[in-house]
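Just so it is clear, none of the values below were taken in a lab; they were calculated from the coordinates. Fair warning: this is a prediction, and the values are worked out from it, not measured in the lab. Heads up, the Cβs are rebuilt from the backbone with ideal geometry, glycines too, and the neighbour counts pull from every protein chain shown.
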Amino acid sequence: MGEEPRRIIDPMSKVGIGVGIFLICFWLLSLFIKLGGGINAQLLLCTGLSILLGIFGGNVVIKLNNVLVSGSGIVISGVAGITFAFLYFSVIQQHVVFGFISGDDINSAQVVNIDCEGYLLLGSQRSNGYAFAANRAELTGTSCEIGLTFPEGSRPPEKLEETVNKIDVVSIKKHFGSGHKISWRLDKNSDAVETDQERYNLIDQRTSQPVERVASLTMTEQKIRYVAGDWSLIKAAKAAEAPNEQSSRHNVEALMADLTSVITHRRRSARNNLATMGTQSVEPLLKELRKNKPHYQLRLGSYVALAKMLRYDKNRAAAVANILSETDIAMMVRSLDDSSRTIRIYVGEFLFDLGDPRVVKPAMQLITRNEVGQQGRYNALHVMTNALFRVPQSERRAFQEELRNVHASLGPSFVKTKALINKLLTM
């Protein structure tokens, strides 16, 4: 009988054993510095164990046709493959982050999407929520919004679309490379809230803190933009159209028709495309809004397109304001108290970014009407914070006197409304 071959661990395998033990020890160390739950730490453990198991399996000598075959070549290939996989996943998580939203209204929504200034995050509806993924290279804007669309007949028409508006894109970007998934919960409050923004709370479940929202411009920032000349609304000449804003009348008409499509994606796509066309789409949008009792989806789509038009490019405000008449502005101000929360939010965003001093008078009239809802009153005050300081001083003082009377009439529960009035009184 032939002598059994001696099982000798070759130098390459010894190196592999050392690497595997080092990775496992590093993982154990990471447990003490609170990194054990991250993806990087888990990959360290898996890679270390895989190398050790591969080496011990690879050093088994196999006899094929009286030829003894060592497993060291297999070990080298395995180590290289595992190392490549580790590096690949490390790079991927620096540029892609995955997330999940659960909670109120997510499960009952027919369509959920996350729109980051024209970039729609890839996502899919699940039985217990909504899963999504974000690519770092595509997040070039400053804000995102979660849109919810509910089945026809499940609620009144003005509540078929809801939005969780102006989430700071930092709330997504900060997760790149963290080794953790985004985990959000959407909580719905009652209709009896002081502001429309309080209707939904988006909570980060890892920290139990609210997800960051985009803050309004401070008074100093507003005045800097005004002095810089971005807001010379009445005298400004119509801004030159950018190359990507050129479109035929046929395309505008087709997009306007899509605003009432039964397909949610087509409606949302039409709104975004009308927004990116700039001032060329303003007049067709106004034409629909001026109609007596226009279709709800036309109203909503028109206001969304106008709001996003300025969201994407604040420098369009002067050119857009030149197209609007005082009657148009008064009509939009009335919509700040619309029965649809979603319309109220987009109208408020548009009028705030517009910064037109012609907003102040109809807004003041809205605030002093007894039948106006609390959210409508707050919205009117909010848009005034970016317009009142542009009103001539003599007129401004008269408006501020009216605001003092409104402030005195409010009860102690209207904390945020009073804070806005106080801000307006200092202008």
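Remarks
- Neighbours of Gly103 by Cβ distance under 15 Å: Lys/Arg scored +1, Asp/Glu scored -1, total 0.
- Shown for Cys25, Cys144, Cys116: other C-beta atoms within 10 Å of each C-beta, ranked fewest to most, produce the order Cys25, Cys116, Cys144.
- Entries in Lys293/Lys416; Lys188/Lys293; Lys361/Lys423; Lys173/Lys416 that, when Cα-Cα distance is taken, lie over 26 Å: Lys293/Lys416; Lys188/Lys293; Lys173/Lys416
- Near Leu403: Cβ cut-off under 12 Å, other residues only, Lys/Arg at +1 and Asp/Glu at -1. The net charge is +4.
- When only Cα pairs below 8 angstrom with a gap of at least 6 residues are kept, the stretch 365-427 shows a relative contact order of 38 percent.
- Local charge for Thr207 was computed over the other residues whose Cβ lies under 12 Å away, with Lys and Arg +1 and Asp and Glu -1, and equals +1.
- Along the stretch 189-200 the Karplus relation, 6.51 cos²θ - 1.76 cosθ + 1.60 evaluated at θ = phi - 60°, assigns HN-Hα couplings of 8, 6, 5, 7, 10, 6, 10, 5, 5, 7, 4, 10 Hz to successive residues, with x for each Gly and Pro.
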